[in-house]
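What follows is a single structure, written as structure tokens, with notes after it.
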Amino acid sequence: MGQTILVTGAGGFIGSAVTRLLVHWAEAGAAFCDGEQIDTVSALLRPGSSDVRLEGVRQSPLLTIERADMSDTVGLQDVLRRQRPKAVLHLAFDPSGFEPQTEEEWRAHHLAPVEAMFEALSHFEDSRFVHTGSAWVLAAGDRLAEDSPLAPTLDYAKAKARLAEALTPLQHTYGVPYVNLRLFNVFGRYEEKSRLLPHLVDHWRRGVPAQLTHGDQVRDFNDVDDIAEAYRLALLCPDSACGAVYHIGSGRGVTVREFAALVRAAMDVPGEIQFDAAATRDQDVPILVSDPARAINALGWCPTDDLQAKVRAATQWWLARL
């Protein structure tokens, strides 16, 4: 009998990339680290949300689509009872986490669903929980290792940091091992049109100047399909690699100005930019770049060396899409 992987947030930018990868992997006869074959990828989406990002795999017999709000613990538990997943890849994030929350709100919207998933996984041997962490919990710095100081300032980052702290106690309570993937900057297919790369493509294809921040902030940019591969690897790593956080990034610092130049070259247009014409919540963080050594050694994560090629491919995809 085959096994099921449940992906929460499967309709989102990163969650859909993970789901598409896992469906293709399962179609090729994939198996967990314990050798059991994967026969179902269950994609959990919010009620009423679009599944357009799952185009290309929606017709696969190995994909099932479920609907539940993460803050609806009863609805989530119903999905977990019916799907009986062997592993959960948790990429959903309740929108309430982008604003200040009371302790009660944080527990109801963030901790309760995670605990429900740990409890469901505890009924299976060799089960696994893969959590989506965020580099924004860290203090600014270059080549940041997993033990680097934490300094979350955004409400989103504060919620992520608290969830990460809860993982080890939940592992001890339910006996379910976890892997915490702390993601750095992500770009690529299907991201929100307001984000950096599609913003540049959309403006420049129309001959309109793009409006950006100062552009001097240094970031660790990664293509979403490369990021998705880290989730697949987290399903395959040995138990000895569990119970830890991993920095999923390239280790390569690139300014927003330099990233924009790569997009401009991929489009072969003048690409006018008005700097200091927009503001983002993170623009005052000067540098945020990973040290991915632990992920490379323990998970087999292989960051891409050719950022230019990845930006070019994503740019061409967005040109065709727009």
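The values are calculated or read from the model by the stated rules, or taken from the named source; none is laboratory data. Note that the structure is predicted; figures quoted are calculated from it, not measured. Neighbour counts run over all protein chains shown; Cβ positions are idealised from the backbone, glycine included. Ligands, DNA and RNA are stripped out before the accessible areas are found, and what is left, the full protein with its side chains, is counted by its heavy atoms. Shrake-Rupley method; radii C 1.70, N 1.55, O 1.52, S 1.80 Å.
Just a few scattered comments:
- Long hydrophobic helices in the chain, taken as whole DSSP H segments with a C-alpha length of 27 Å or more on their own axis and mean Kyte-Doolittle hydropathy at least -1.0: 155-174.
- This model, with +1 at the C-beta of Lys and Arg and -1 at the C-beta of Asp and Glu, gives the chain a dipole about its Cα centre of some 680 debye.
- With every protein chain in place, the chain: carbon and sulfur % of accessible area (1.4 Å): 48
- Summed residue charge, Cβ within 13 Å of Trp25's Cβ, Lys/Arg positive, Asp/Glu negative: -2
- Within the shell defined by Cβ-Cβ distances under 14 Å, the residues around Leu89 carry a net charge of +2, with Lys and Arg each +1 and Asp and Glu each -1.
- Inter-centroid distance (Cα atoms) of the range 127-177 relative to the range 5-44, Å: 23
- The chain - percent relative contact order, Cα under 8 Å, separation 6 or more: 18
- Extension gain (nm, one decimal) between Glu119 and Glu258, 0.36 nm per residue minus Cα-Cα: 45.5 nm
- 3J(HN,Hα) along the range 103-110, derived from phi through the Karplus expression 6.51 cos²θ - 1.76 cosθ + 1.60 where θ = phi - 60°, amounts to 4, 5, 5, 4, 5, 5, 8, 10 Hz, with x in place of Gly and Pro.
- Per-residue [θ]222 nm for the chain (sum of -39500 (n - 2.57) over DSSP H runs n ≥ 4, rounded to 500): -11000 deg cm²/dmol
- Reported label for calculated mean projected area of the Cα convex hull in nm² given (1) 18.4; (2) 21.7; (3) 15.8: (3)
- Accessible area expressed per residue, the chain, with surrounding protein chains retained (probe 1.4 Å, Å²): 43
- Dipole magnitude for the range 8-166: computed about the Cα centre from +1 point charges on Lys and Arg Cβ and -1 point charges on Asp and Glu Cβ, it is near 380 debye.
- Other-chain or far-sequence residues with amide H under 5 Å of His214's (modelled H): Asp276
- Sites listed here are GluC sites (Glu not before Pro) in the range 156-259 whose DSSP assignment is loop and whose Cβ has at most 13 other Cβ atoms within 10 Å: Glu192.
- Take every DSSP beta bridge whose two residues both sit in the range 169-317; close to 15 percent of them are antiparallel.
- Over all other residues within a Cβ to Cβ distance under 9 Å of Val137, the charged ones net out to +3, with Lys and Arg as +1 and Asp and Glu as -1.
- Violating pairs (Cα-Cα greater than 26 angstrom) within the set Lys193/Lys310; Lys86/Lys193; Lys160/Lys193: Lys86/Lys193
- Across the range 141-257, Cα-Cα distances exceeding 25 Å account for 36% of all pairs.
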